[in-house]
Amino acid sequence: MTEKASLWVSAWLAIAFGASLAVLEMVRNWGHWQWWPFWVVDYVAAALLLLGGIATLRHRGSGWLAAGWGFTCALFWSSFFSHSESVRQEINMEPNEEQLTLIIGIMFAITIGGLVATLVGLRPTGDRSCRTS
């Protein structure tokens, strides 16, 4: 896959993932919101992914895309391993904690893929947008 194709795929994946993350976070928390710092961070991640995906597709550089994937990957790292530890120790478990942990793990893997695709697409020199011509 070429660098430009890698960025194009990463940009579209970021848009889809960011929009899905915003909706899923709202569904998960509706009616029993946690303290605001614990859920606002997910919307920051979603916004960075959407901004980065759109900026990359509009040929305005891919810095926001890399930042979005990096931030989101770190966020899911923390979430996945904290949920995994809860399951392992059987403490503070929510209903369906195992399924939630699996879903978070899959989403974490997607963030790693998005980050890698973006970094592969960023060449050390030259054009950093996903122009095809």
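Please report Rg over Rh for the chain, where both radii come from the alpha carbon positions and Rh follows the Kirkwood definition. Show your work: numbers first, answer last.
Details: Rg = 16.1 Å, Rh = 15.4 Å.
Rounded to two decimals, Rg over Rh is 1.05.
Taking only C-alpha pairs under 8 Å that are 6+ residues apart, what is the relative contact order of the chain in percent?
37
What nm value, rounded to one decimal, do you get for the distance between VAL23 and ILE54 when each label is placed 7 Å out toward the C-beta?
In this crude spin-label approximation the distance works out to 1.7 nm.
Read the figures in this text as sums done on the coordinates, not as results from a lab. In this text, all values refer to a predicted model and were calculated from it rather than measured experimentally. All Cβ positions, glycine included, derive from the backbone under ideal geometry; neighbour counts span all protein chains shown.
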